[in-house]
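Scroll down for the structure; my scribbles are underneath it.
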Amino acid sequence: MKDPQIGKAVPRKEGREKVTGSARYVDDLTFKGMIHGVTVRSSIARGRILGIQFGEGIPWDEFTIVTAKDIPGKNCVALLIEDQPCLADQFVNHPEEAVVLLAHADKYLLEEARRAVRIETQPLPPVFTIEDSLARKQVIWVEDNIFKAYQVEKGNVDTAWEAAEFIVEGEYETGAQEQLYIEPQGMIAQAGPGSRVTVWGSLQCPYYVHKALVRLFDLPKEQVRVVQTETGGGFGGKEEYPSMIAGHAALLAWKSGKPVKIVYDRAEDMAATTKRHPSRTRHRTGISRDGKLVAMEIDFTLDGGAYETLSPVVLSRGTIHAAGPYSCPNVRIRSRVVATNAPPHGAFRGFGAPQSVFALERHLDRVAAAVGLTPEELRRRNFIHEGETLAVSQVVREKVQMDKLLDRALELSGYHEKRKRFATENARGPIKLGIGFASFLHGAGFTGSGEEYLASEALVTATREGKVHVLAGSTEMGQGTNTIFAQIAADALGLDCQQIEILQPDTALVPNSGPTVASRTTMIVGKLVESAALSISKTLQNAGLLKAEYGSKEFQDACCRYIEKFGALQSLVKYQHPQDLHWDDGTYQGDAYGAYAWAVYVAEVSVDTRTAEARVEDFVAVQEVGKVIHPVLAAGQIEGGVAQGIGFALYENIVWQEGRMANGQMTNYIMPTSMDVPNIRVYFEEIPYARGPAGAKGIGELPLDGTAPAIANAIAHATGADVRAVPMTPEKLMELLESVHA
Ligand code: MTE
Ligand code: MOS
């Protein structure tokens, strides 16, 4: 048997292709007779469409032109509900809404043509902020502008205030954030009446796109095929929007009879596709004389943009994570996501949790100050332990050691020494240093009964030559799916990673393993791969073809003999929901997630009080994630997530003008570069999770949750500024600094 592959930094499966440039992204593909497609969008945030004018000087008869009337099935991007049109018909509800599609072989003429289309509209009054939407300044969604609301109740908050020695309140805000995957969104479609619809593209969830196309074209499932091409990052941004572009490309292909490619440039991608939901959170917290949380009342609101899309799910995760890794007997969380006339906000790494965790962890530092405890002492007195219950009344059954994580993080960062030293050093000059931390948890997998509904499947097959194939709908987007599945299958079969091949996700070939979201791939789908691989070797052993101990030669012989005798050698495994996990969607109580990753992050910052620029100087990320399958990829997940968190905290500021992103270029939407990111020091604690493959839990989104509040707490420590919002740009910090010195 081979040495274990899990726990080792084996070469990345698709690494060679990516590094040598032979990997094929959607824009690398061309098809015979292929033409290009573009989207003509609304010019206003809200209004009635009166007509479409095709300007002079363009040979319009050479163009394929598609409007809502050309849609063969239902005009929607099918997701949770079918509210978002694929092409606006009578009304537009945000300024980037697609109204007309054009296709032509000449890209440059196409661009001129796009500019020559005028959409005539009668404007209606729009709503742009959470406040205006809640106040129903205009009702733009059903009766009350609310897409979805949740309420979590634990104990009795109303009577708990009496036991509180201190009550601390606060309001916190986070801004929208653009995913900024390296590869912008794109699709190629081939279609035609009477034939099937096939799309190739950059995407996270092949079966989401499949579902949307089936509805849009009203076709039987077998006649729609979705293939994932090499994907240059998704970060949640390619969870839902690819269904829109796929629909557009397929409609143009359907009408023209030719393959159609739509690839967004960066500006269009930034303007039109989904971003992180802006948020506003209010906290009211009761603390006893001895520093125990006695009541937490949390009010959490997200700006959903113009259509519901995935917002209820993002809100759900944000709500469940809003009270953090603490044990408090009385908790009330009320949350809602509201409609505005901005492009729909969507999934972005962390899925609502970075927003609510920012508010909580910044708030707790303020609570600590009000009560007269250090930030760490307040957390220590309230950390959750095994057997205690989270806000949704989930009993934590795993081993959890927040104290230990905190000790380690504070020690590795030199927290105590720096906390003291900076206080004296800061008196001397304009550069102020500060250090702060955040402690948090992140649940992996779909929430509550979500995994049960998904009922994901994975397939493992073996060939006569002893090659093992993994077939899953899970996509590789840089986070390591292919390598991790190979390691898991290899160890289950006692083989080398090189003997495992991961098939390209293609709905015509691979089973539906659910979407590649919610940090679920390793923990949930990886477990299916592990079981399927184990059952292959069981099958061979039961057939008397393989002994308990074997090498790769024996495995190959056994596969060959088995296939000759019985035919295909394969195992399809379907997700089984653990019997002891219960969730109630009505009361929002129960086992929200099968497992959580736990973490403490420490940020050290410097603030130049003359320019109000904050820089992250050092970063320590300590987390418990179950078994680490691939040390380099795992550390990469944390480093990349922290870098995105630094952007969220300090730099990435979307300037909104009438519901439109006004700074949709990378020259003025500032993301951190390597010059702005310190050496991120990543440490793992490993407590194997009994239900994860080889003991692994999900980690993909975790790092986004704790980074921004750790930085905000460090800025507050450095300057005394009461940071309540991110991104904390120099402009905003300057105002805060002025109020400190006023
Ligand atoms: N890492 C890279 N390199 N590229 C990505 O697109 N997406 C993130 C995270 N890490 C992403 C990434 C998001 S939003 C999620 S939900 C998880 O990876 C999904 O992958 P997993 O299930 O394998 O964790
Ligand atoms: Mo990740 S935001 O769940 O794609």
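Read the figures in this text as sums done on the coordinates, not as results from a lab. Since the model is a prediction, treat every value here as computed from it, not as a measurement. Every residue, glycine as well, gets a Cβ built from its backbone with ideal geometry; the counts of neighbours run over all protein chains shown.
Numbers at a glance
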| quantity | calculated |
| --- | --- |
| Virtual spin-label span in nm between Ala105 and Thr129, 7 Å along Cα→Cβ | 5.3 |
| Per-bin percent of Cα-Cα distances, the chain [20 Å] | 17, 49, 30, 5, 0 |
| Cα-based convex hull, region 245-289, per residue volume (Å³, whole number) | 128 |
| Relative contact order of region 425-512, defined on C-alpha pairs under 8 angstrom at six or more residues apart (%) | 27 |
| All-pairs Cα distance distribution in region 234-359, expressed in whole percent, bin size 10 Å | 12, 34, 25, 15, 8, 4, 1, 0 |
| Cα-based convex hull, region 649-706, per residue volume (Å³, whole number) | 152 |
| Residue order, fewest to most surrounding Cβ atoms within 10 angstrom, among Ser393, Ser456 | Ser393, Ser456 |
| Net dipole in debye of region 521-626 [+1 Lys, Arg Cβ; -1 Asp, Glu Cβ; about Cα centre; nearest 20] | 800 |
| For His416, His283, order by how many other beta-carbon atoms lie within 10 Å, fewest first | His416, His283 |
| Order of His577, His248 under a 10 Å beta carbon neighbour criterion, fewest first | His577, His248 |
| Cα-derived Rg over Rh, computed across region 12-154 with Rh taken as Kirkwood radius | 1.10 |
| Rg followed by Dmax, in Å, when region 486-547 is reduced to its Cα trace | 13.2, 41 |
| For the chain, share of DSSP beta bridges that run antiparallel, in % to the nearest 5 | 75 |
| Cβ-based charge dipole, the chain, positive-most Cα from Gly236, His416, Val214 | Val214 |
| For region 526-612: rounded, prolate or oblate by the Cα gyration tensor [a/c cutoff 1.5] | oblate |
| Under 21 Å from the Cα of Lys538 - lysines, other chains or at least 8 residues apart | Lys2, Lys467, Lys527, Lys547, Lys553, Lys565, Lys574 |
| FRET E, pair Leu29, Ala455, Förster distance 41 Å, beta-carbon r, rounded to 0.05 | 0.80 |
| Per principal axis, descending, Cα span of region 615-742 in whole Å | 54, 34, 26 |
| Equivalent ellipsoid, region 109-242 (semi-axes from 5 times Cα gyration tensor eigenvalues, Å) | 42, 24, 18 |
| Residue (of Ala568, Trp656, Gly636) at the positive-pole extreme of region 568-683, dipole from beta-carbon charges | Ala568 |
| Tensor-based shape of region 327-432 (alpha-carbon gyration tensor, a/c under 1.5 rounded, otherwise prolate or oblate) | oblate |
| Cα centre as origin, Lys/Arg/Asp/Glu Cβ charges: region 600-639 dipole, Debye | 140 |
| Options Met728, Asn668, Ile711, ranked by Cα towards positive dipole end of region 647-742, top entry (Cβ charges) | Ile711 |
| Cross-link partners of Lys154 among lysines (Cα-Cα below 22 Å; sequence separation of 8 or more within a chain) | Lys292 |
| For region 588-632: rounded, prolate or oblate by the Cα gyration tensor [a/c cutoff 1.5] | oblate |
| Dipole in debye (nearest 20) - region 471-552, about Cα centre, beta carbon charges: Lys, Arg +1; Asp, Glu -1 | 240 |
| Euclidean distance of C-alpha centroids, region 594-646 and region 475-520, integer Å | 26 |
| Region 10-59: proportion of alpha-carbon pairs further apart than 14 angstrom, % | 75 |
| Förster radius 35 Å - calculated FRET efficiency between Gln579 and Trp656 (Cβ-Cβ, nearest 0.05) | 0.15 |
| Proximal lysines relative to Lys255, as straight alpha-carbon distance under 22 Å, when same-chain residues fewer than 8 apart are discounted | Lys32, Lys69, Lys74, Lys107, Lys211, Lys221 |
